[in-house]
Amino acid sequence: MPEHAEPSHLTSRGADEGVARASRRPVEAVLFDFHGTLAQVEEPHEWVLAAARACGVTLERVRATALADRLLTAGRAGGPLPARVPPALAELWADRDLYPHAHRGAYTGLAGTVDAGIDGFADALYERVLVPEGWVPYPDTAATLAALRRGGVKVAVVSNIGFDIRPLFAAWGLDGLIDAYALSYEVGRCKPDPGIFLRACGMLGVDPERALMVGDTAADAGAVRAGCAVLVLPEAEPGRANGLGSVLDLTLGG
């Protein structure tokens with residue numbers, strides 16, 4: 001995702017501990033992961049079709065689907081992780097969530113390993129991740145953020161990412177519901193490093209022990225080492241509910 005999208009999960013014991021913590025302490029702030037938690041990248045074939053149109057090419061859906069399969073294997077911003085990172089891209093890949101040039105270079109480089117026969121295609125594919133049309137907020141995102149705001153609970157977005165996602169939230173009309181953004185390329189630390197979670201709590205002026213981190217990977221569960229409670233949700237396809245509303249049960253009592 002812009003984020004490290006390792007397909008790993010918190011153990012059941014860790015999940016139980018996170019919920020137990022949240023239930024016995026007042027939650028003053030919720031830290032949300034971005035990709036896979038608040039929003040998902042658009043469907044792969046729609047991604048390919050839109051990028052091709054930006055290059056002045058109209059693809060048949062069958063060809064777009066075939067290209068999408070190859071590009072997903074190569075590695076897409078927003079996941080899945082590449083099957084293999086070419087040695088020439090290894091340095092950019094390692095730094096992708098710390099520097100914007102590395103993020104763009106890594107993902108355009110990976111896309112460039114797939115010969116689509118379309119001039120400028122790799123850059124057009126990357127541009128889709130920078131615009132709101134390239135993302136789909138989950139169905140419960142707006143309602144959950146709004147309920148937290150009404151309940152007086154502070155909210156931060158904590159993301160491993162190499163570009164600014166604030167314009168996306170503004171385009172979706174959700175920017176007024178976010179109090180702070182702790183983005184890896186700005187903070188200089190990536191999840192699961194506890195430093196990024198501590199920075200988010202500092203931005204909100206909240207003790208980590210009164211914060212709940214909500215995400216979808218083991219990297220998000222690294223917030224436990226910062227003293228936060230943790231809730232790990234299942235990642236869902238674009239437009240499908242991912243259980244985000246359960247956050248309200250842990251913070252506002254439903």
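The values are calculated or read from the model by the stated rules, or taken from the named source; none is laboratory data. Note that the structure is a prediction, hence the values are computed from the model and not measured. Positions of Cβ are generated from backbone atoms using ideal geometry, with glycine treated the same way; all protein chains shown enter the neighbour counts. The protein model used for the area step is the full one, side chains on, heavy atoms only, and it has no ligands, DNA or RNA in it. Shrake-Rupley method; radii C 1.70, N 1.55, O 1.52, S 1.80 Å.
Per-structure values
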| item | result |
| --- | --- |
| Options Leu212, Leu168, Leu231, Leu250: the member that is surrounded by fewer than 22 Cβ atoms within 10 Å (Cβ to Cβ) and either under 20 Å from Asp140 (Cβ atoms) or free of Cβ contacts under 8 Å to residues at least 40 places away in the same chain (or both) | Leu250 |
| Cβ pairs under 8 Å, 6+ apart, first in the stretch 38-50 and closer than 30 Å to Val155 by Cβ and touching a residue at least 24 places away in the same chain (Cβ under 8 Å), second β-branched (Val, Ile, Thr) and open to solvent by less than 20 Å² (accessible area, probe 1.4 Å) | Leu38/Thr141; Leu38/Val157; Ala39/Thr141; Val41/Val129; Trp47/Val41 |
| Only one of Pro26, Pro132 that is more than 19 Å from the chain's Cα centre (by Cα) and not acidic (Asp, Glu) | Pro26 |
| Filtered residue count, the stretch 52-66, keeping only those that are open to solvent by 50 Å² or more (accessible area, probe 1.4 Å) and closer than 12 Å to Leu125 by Cα | 2 |
| Residue identified as over 21 Å from Leu71 (Cβ atoms), open to solvent by 30 Å² or more (accessible area, probe 1.4 Å) and either in contact with an Asp or Glu (Cβ under 9 Å, 6 or more places away or on another chain) or not basic (Lys, Arg) (or both) among Asp179, Asp123 | Asp179 |
| Selection count where residues are among the acidic types (Asp, Glu) and crowded, with 24+ Cβ neighbours inside 10 Å, scope the stretch 234-247 | 0 |
| In the stretch 190-206, the residues that are surrounded by fewer than 19 Cβ atoms within 10 Å (Cβ to Cβ) and under 15 Å from the mean Cα position of the chain (by Cα) | none |
